[in-house]
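Heads up: the structure comes next, in structure tokens.
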Amino acid sequence: MALLPALPFPGLLYFSVMAFAVGEGIFNAALGALVFIAAPNAAQGQVQGGVRLTGAGGQRGGQLYARLGPAATFGTGAVLVFAALALLTSQRPGAQVQAAD
């Protein structure tokens, strides 16, 4: 993915996304198996839930969901996506970024 700015080819983007997806799938499966092996039987649900919660950045999202409901988490996600989109579209192609001294 680091090559995408230098080589903006659609094929490279598709390959990068596929490689990331496969790696993420393998990592999540292995992590789940390791947690299953390490956790005591009585605490399987708590441990698996805790691992998934921290892996998804869910502590803040979980608090937001619990206090304000599902609309707050989706709304926050939408705001973050639009902020990222605004940053991406505000950049001019070929513009040089000035380093702050």
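The values are calculated or read from the model by the stated rules, or taken from the named source; none is laboratory data. Quick caveat, the model's predicted, so the values are computed rather than measured. Virtual Cβ from ideal backbone geometry, glycine too; neighbours counted across all protein chains shown.
General remarks:
- Checked against (1) within 30 Å of Leu7 (Cβ to Cβ); (2) at pLDDT 75 or above, Pro93 passes all but condition (2).
- Residue within the stretch 74-81 that is of a type in the set (Val, Ile, Thr), surrounded by fewer than 10 Cβ atoms within 10 Å (Cβ to Cβ) and at pLDDT 85 or above present: no
- Between Gly61, Gly69, Gly57, Gly50, the distinction of being on the phi > 0 side of the Ramachandran plot, at pLDDT below 80 and among the small types (Gly, Ala, Ser) belongs to Gly57 only.
- Verdict on Gly32 being assigned to a helix (DSSP H, G or I), at pLDDT below 80, surrounded by 11 or more Cβ atoms within 10 Å (Cβ to Cβ) and not aliphatic (A, V, I, L, M): no
- Subset tally (residues that are assigned to a helix (DSSP H, G or I) and loosely packed, with under 15 Cβ neighbours inside 10 Å) for the stretch 63-73: 6
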